1. Which residue, of 330, 307, is modelled with pLDDT under 75, assigned to a loop (DSSP other than H, G, I, E, B) and either in the same structural domain as residue 201 (by TED's automatic domain parsing) or over 30 Å from residue 173 (Cβ atoms) (or both)?
2. For the stretch 110-138, give me each residue that is at pLDDT 90 or above and outside any strand (DSSP E or B).
3. Could you list, in sequence order, the residues of the stretch 156-194 that are closer than 12 Å to residue 253 by Cβ and assigned to a helix (DSSP H, G or I)?
4. Quick check on the stretch 273-282. Is at least one of its residues at pLDDT below 80, in the same structural domain as residue 217 (by TED's automatic domain parsing) and over 23 Å from residue 156 (Cα atoms)?
5. Restrict the check to the stretch 164-184 and report whether at least one residue is at pLDDT below 90, within 24 Å of the chain's Cα centre (by Cα) and surrounded by fewer than 16 Cβ atoms within 10 Å (Cβ to Cβ).
6. When you go through (1) surrounded by 14 or more Cβ atoms within 10 Å (Cβ to Cβ); (2) more than 22 Å from residue 218 (Cβ to Cβ); (3) modelled with pLDDT of 75 or more one by one for residue 21, which number turns out not to apply?
7. Checking residue 228 against (1) in contact (Cβ under 8 Å) with a residue 60 or more places away in the chain; (2) surrounded by 15 or more Cβ atoms within 10 Å (Cβ to Cβ); (3) closer than 19 Å to residue 248 by Cβ, which test does it fail?
């Protein structure tokens, strides 16, 4: 089957145009399945089997043992770690995205400068959604003590709590509920204040609002030439808590006392569903044919016209401002 516009690209930068596709039998550990593969004129490098392989073979990776388990295979397959010295031999399949010209880059820069705030991005508060926590009335309040931390981490924790308090995202609480703070180390070495809501989540009734299927998202992107993404700034904190639900979010801070969220915190059960529902409202009928949302990411794709893609993105950002939604550039 002929195909055009996509490339098979090695990590060393060399690329080959894909001239077609074929259904080929692939055997691993004695198990054979048919995979849809890309055809190129010539490529000596090895290729990386991706998500389609794992789905077709129902393969499971056991990272601690470096073993791959294939459904129906009599034994597991040993995995070989790829070091930086071997990375040039690995290839990836790149969907048919077009290169952005310098003129198009300038158009993008102008759009970003026009529609996105400069400097510190404000955290809005939407009027289109609110997060509600529903707990059985017979449930006794979950009350946990704080986790002890070092003096340095406690100072960092206090600093972040004061910032959230000043921003109005949290307030002092007298709730019967309490969950402990966990300081999570980020990639840059700093720490993020998180709340351990596992015990609260265990007694929370969760909305059945659906989260999009990633396979469907990837299939939609196969024909894309241009992809733009909108990322909401401090996404969950743009959603207010429903009146009466704030008490369930209460958390203990050593040395400062008890606080509760006025905005939706990360880590609560049902949070992603609440935000997905908001994101689907943000998309609206005018974007549905060429855009979709996955929780706090809004993706707009086009098969040809980048100007139209930029126009839709700009219109969407401007339309969302009255609802309190703020975006940041990527």
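1. The conditions single out 330.
2. Filtering the stretch 110-138 for residues at pLDDT 90 or above gives 129-135.
Of everything in the stretch 110-138, those that are at pLDDT 90 or above and outside any strand (DSSP E or B) turn out to be 129, 130, 132, 133.
3. 156, 157, 158, 159, 160, 161, 162, 164, 165
4. yes
5. Looking only at the stretch 164-184, we keep the residues that are at pLDDT below 90, and these are 184.
Among the residues that remain, those that are also within 24 Å of the chain's Cα centre (by Cα) are: 184.
Filter once more, keeping what is surrounded by fewer than 16 Cβ atoms within 10 Å (Cβ to Cβ): 184.
Looking through the stretch 164-184, at least one residue is at pLDDT below 90, within 24 Å of the chain's Cα centre (by Cα) and surrounded by fewer than 16 Cβ atoms within 10 Å (Cβ to Cβ).
6. The one condition residue 21 does not meet is (2).
7. So the condition that residue 228 fails would be (3).
Condition check ((1) more than 24 Å from residue 220 (Cβ to Cβ); (2) surrounded by 14 or more Cβ atoms within 10 Å (Cβ to Cβ); (3) modelled with pLDDT of 70 or more) across all residues:
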site: 34; (1), (2), (3): no, no, yes
site: 37; (1), (2), (3): no, yes, yes
site: 43; (1), (2), (3): yes, yes, no
site: 78; (1), (2), (3): yes, no, yes
site: 87; (1), (2), (3): yes, no, no
site: 95; (1), (2), (3): no, yes, no
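The values are calculated or read from the model by the stated rules, or taken from the named source; none is laboratory data. Values in this document were obtained by computation on a predicted structure and should not be read as measured data. With ideal geometry, Cβ positions are generated from the backbone for all residues, glycine too; neighbour counts draw on all protein chains shown.
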